[in-house]
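Chemist: Before I ask anything, let me first share the structure, which is written out below as structure tokens.
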Amino acid sequence: METITLPYITGDGVGAEITPAMQTIVDTALYKAYNGTRNIRWLEVFAGERAFRQTGTWLPEETLKVFEQHQVGIKGPLTTPVGEGVRSLNVVLRQSLDLYVCLRPVRWYRGISSPLLHPELVNMHIFRENTEDIYAGIEWEAGTSEAGKFYRFLHDQMGVANVRFPETSAFGVKPVSREGSERLVRAACRYALQHNLATVTLVHKGNIMKYTEGGFRRWGYALAAREFSDELSEGRLRINDCIADAFLQNTLLNPTAYSVIATLNLNGDYISDQLAAMVGGIGIAPGANINYQTGHAIFEATHGTAPDIAGSNRANPCSLILSAVMLLEHIGWNEAGALIENALEQSFVQERATLDLARFMPGGTALSTSGFTKEIVMRILGKYHA
Ligand code: NAI
């Protein structure tokens, strides 16, 4: 018998509804797939409002320690505390465990309404760099002495003469490194090969930011040529690049041109939401933050805490459930993941889903979070009858 201990953060807002739903569905799928021989022992750790209420800190050290120790975990959405000097907990979590890849697979499930004519053509996997770029959080507010000092450094020592309004400018720094770019592109190439995906596309704004975004592109190509030369020459892997704005247009016009996308942090943020919208929105888009070198990975709902519907039993648990499917695949428990995906798709095909999805289905039936969860459980067990 194999039992893994899985740390999880329930999350704030709708987290209290979608996390238990996800756990019930995962436990059911494990039972059905492995008949009690593979199990998860759920270990709750705290972050966000729940942690703040209990411990007075938003992200207790203990939480980081447990994730560090157990390597793989899952989390619901967290409120970003509003206030000076408090950073996004998600960003802090990613940076403290150096989870340098934000992986977002994007595919369409039958039955889901999409703004595209052919959503079935979408099969893309976004590798978003998670630790660098403007997300490093290095910036100074306009009018502060730091902003003034930084401007004087630029002007007096670096010869920068083209800041249009120096007195009222805020400044930010965009660090992009060779190491950071290489490890992301390496992970994307390996993933493409493992999943028989043809192309890795480097998406960037190197036409404007020649050394940061352009550096990412150059280092990416050089790494592929150096480390994947056999695969490239045998045609098992292709690498190309696209400027970010053109990429957003092309994905709508010609989605089959892309499979694995490697990109920096900010571009990745925009790209993830657009691609998610192409197949049904962030309500069902899964994600994971991974360090492929240490093996640390946190799987997560990609949407926020949805305070407008929290507590009303209307939240869609699919983003977190599909993130759990990614987790099951990550640890090699694919059979359980496949059972869950099939059950979800059956439900969508029959136009049964939570309100956010059902309202766009021609004959959609809107289910509550708990009602939807029960149905998915019955479908996994093969006991669902309309
Ligand atoms: P949000 O994603 O919470 O909500 C945006 C809209 O989508 C709302 O209308 C909401 O009702 C809907 N929505 C989101 N998740 C849904 C679900 N599972 N089912 C049905 N509808 C859903 O984004 P918002 O309002 O900008 O942020 C609220 C809070 O969440 C903020 O504190 C923000 O910082 C945090 N946040 C946390 C994230 C994370 O932990 N990964 C990601 C994004 C935001």
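Chemist: Taking the criterion of being out of contact with any Cys (no Cβ under 7 Å at 6 or more places or on another chain), within 11 Å of the ligand (Cβ to nearest atom), among the hydroxyl-bearing types (Ser, Thr, Tyr) and at pLDDT below 95, would at least one residue in the range 308-320 satisfy it?
Modeler: No, every residue in the range 308-320 fails to be out of contact with any Cys (no Cβ under 7 Å at 6 or more places or on another chain), within 11 Å of the ligand (Cβ to nearest atom), among the hydroxyl-bearing types (Ser, Thr, Tyr) and at pLDDT below 95.
Chemist: Step by step: first the residues of the range 11-22, then only those that are crowded, with 21+ Cβ neighbours inside 10 Å and not acidic (Asp, Glu), then the one that is farthest from Trp333 (Cα to Cα). Which residue is that?
Modeler: Restricting attention to the range 11-22, the residues satisfying the condition of being crowded, with 21+ Cβ neighbours inside 10 Å are 11-15, 17-19, 21-22.
Next cut, not acidic (Asp, Glu) only: 11, 13-15, 18-19, 21-22.
Working: Gly11: 25, Gly13: 30, Val14: 27, Gly15: 24, Ile18: 22, Thr19: 20, Ala21: 19, Met22: 16 Å.
The qualifying residue farthest from Trp333 (Cα to Cα) is Gly13.
Chemist: Has the range 26-34 got any residue that is of a type in the set (A, V, I, L, M), in contact (Cβ under 8 Å) with a residue 24 or more places away in the chain, under 22 Å from Leu381 (Cα atoms) and within 16 Å of the ligand (Cβ to nearest atom)?
Modeler: Just the residues of the range 26-34 that are of a type in the set (A, V, I, L, M), to begin with: 26, 29-30, 33.
Those still in the list that are in contact (Cβ under 8 Å) with a residue 24 or more places away in the chain too: 26, 29-30, 33.
Applying the additional criterion that residues be under 22 Å from Leu381 (Cα atoms) yields 26, 29-30, 33.
This time we only want the ones that are within 16 Å of the ligand (Cβ to nearest atom), so: none.
No, the range 26-34 contains no residue that is of a type in the set (A, V, I, L, M), in contact (Cβ under 8 Å) with a residue 24 or more places away in the chain, under 22 Å from Leu381 (Cα atoms) and within 16 Å of the ligand (Cβ to nearest atom).
Chemist: Based on what the data block shows, is Gly295 small (Gly, Ala, Ser), touching a residue at least 40 places away in the same chain (Cβ under 8 Å) and within 12 Å of the ligand (Cβ to nearest atom)?
Modeler: Working: small (Gly, Ala, Ser): yes; touching a residue at least 40 places away in the same chain (Cβ under 8 Å): yes; within 12 Å of the ligand (Cβ to nearest atom): no.
Answer is no for this residue.
Chemist: If Val101 passes every condition in (1) surrounded by fewer than 17 Cβ atoms within 10 Å (Cβ to Cβ); (2) in contact with a helix residue (DSSP H, G or I) (Cβ under 9 Å, 6 or more places away or on another chain); (3) closer than 30 Å to Glu179 by Cα; (4) in contact (Cβ under 8 Å) with a residue 40 or more places away in the chain but one, which one does it miss?
Modeler: Checking Val101 against (1) surrounded by fewer than 17 Cβ atoms within 10 Å (Cβ to Cβ); (2) in contact with a helix residue (DSSP H, G or I) (Cβ under 9 Å, 6 or more places away or on another chain); (3) closer than 30 Å to Glu179 by Cα; (4) in contact (Cβ under 8 Å) with a residue 40 or more places away in the chain, the one that fails is (1).
Chemist: Considering only strands (runs of 3 or more DSSP E) fully contained in the range 215-299, which possess at least 2 residues that are under 23 Å from Thr131 (Cα atoms) and not aliphatic (A, V, I, L, M)?
Modeler: Values: elements: 238-243, 260-263, 286-290.
Where strands (runs of 3 or more DSSP E) fall fully within the range 215-299 and carry at least 2 residues being under 23 Å from Thr131 (Cα atoms) and not aliphatic (A, V, I, L, M), they are 238-243, 286-290.
Chemist: Here is a check on your reading of the model: is Leu99 of a type outside the set (Lys, Arg), within 15 Å of the ligand (Cβ to nearest atom) and part of a helix (DSSP H, G or I)? Step through it out loud before you land on a result.
Modeler: Numbers: of a type outside the set (Lys, Arg): yes; within 15 Å of the ligand (Cβ to nearest atom): yes; part of a helix (DSSP H, G or I): no.
No.
Chemist: Shifting gears a bit: Return the residue satisfying two criteria in turn: it lies in the range 339-348 and is hydrophobic (A, V, I, L, M, F, W, C) and under 20 Å from the mean Cα position of the chain (by Cα), and of such residues it is farthest from the ligand (Cβ to nearest atom). Working first, answer last.
Modeler: Our first condition is that a residue be hydrophobic (A, V, I, L, M, F, W, C); within the range 339-348, this holds for 339-340, 343-344, 348.
Still in the running and under 20 Å from the mean Cα position of the chain (by Cα): 340, 344.
Numbers: Ile340: 16, Leu344: 14 Å.
Per the criteria, the residue is Ile340.
Chemist: Quick test of your reading of the structure: Ile18 fulfils all but one of (1) touching a helix residue (DSSP H, G or I) at 6+ places or on another chain (Cβ under 8 Å); (2) farther than 30 Å from Glu139 by Cβ; (3) more than 10 Å from the ligand (Cβ to nearest atom). Name the failing condition by number.
Modeler: All conditions pass for Ile18, except number (3).
Chemist: Would you confirm whether or not the range 322-330 contains a residue that is of a type outside the set (D, E, K, R), within 11 Å of the ligand (Cβ to nearest atom), in contact (Cβ under 8 Å) with a residue 12 or more places away in the chain and not in a helix (DSSP H, G or I)? So that I can check it myself, show each step before the final result.
Modeler: So the first thing to find is which residues in the range 322-330 are of a type outside the set (D, E, K, R), and the list is 322-328, 330.
Checking which are within 11 Å of the ligand (Cβ to nearest atom) leaves us with 323.
Narrowing the set further to residues that are in contact (Cβ under 8 Å) with a residue 12 or more places away in the chain leaves 323.
Remaining after also requiring not in a helix (DSSP H, G or I): none.
Checking the range 322-330: not a single residue is of a type outside the set (D, E, K, R), within 11 Å of the ligand (Cβ to nearest atom), in contact (Cβ under 8 Å) with a residue 12 or more places away in the chain and not in a helix (DSSP H, G or I).
Chemist: Quick check on the range 273-332: of everything there that is surrounded by fewer than 21 Cβ atoms within 10 Å (Cβ to Cβ) and hydroxyl-bearing (Ser, Thr, Tyr), which residue is farthest from the chain's Cα centre (by Cα)?
Modeler: Applying the filter and picking the extreme gives Ser312.
Results for (1) under 30 Å from Asn250 (Cβ atoms); (2) touching a residue at least 60 places away in the same chain (Cβ under 8 Å); (3) away from the ligand (no atom under 11 Å from the Cβ), shown as yes or no for each residue.
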| residue | (1), (2), (3) |
| --- | --- |
| Gly280 | yes, yes, yes |
| Thr302 | yes, yes, no |
| Ala306 | no, yes, no |
| Glu351 | no, yes, yes |
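Chemist: Turning to a different aspect of this structure: Of the conditions (1) free of Cβ contacts under 8 Å to residues at least 60 places away in the same chain; (2) in a helix (DSSP H, G or I), Gly363 fails just one. Which one is it?
Modeler: (2)
Chemist: Separate question: Out of all the residues in the range 64-87, which are within 16 Å of the ligand (Cβ to nearest atom), closer than 23 Å to Leu322 by Cα and either of a type in the set (Gly, Ala, Ser) or outside any loop (DSSP other than H, G, I, E, B) (or both)?
Modeler: Those that are within 16 Å of the ligand (Cβ to nearest atom), closer than 23 Å to Leu322 by Cα and either of a type in the set (Gly, Ala, Ser) or outside any loop (DSSP other than H, G, I, E, B) (or both): Phe67, Gly73, Ile74, Lys75, Gly76.
The values are calculated or read from the model by the stated rules, or taken from the named source; none is laboratory data. Note that the structure is a prediction, hence the values are computed from the model and not measured. Please note: Cβ atoms are built from the backbone with ideal geometry, for glycine as well, and neighbour counts cover all protein chains shown.
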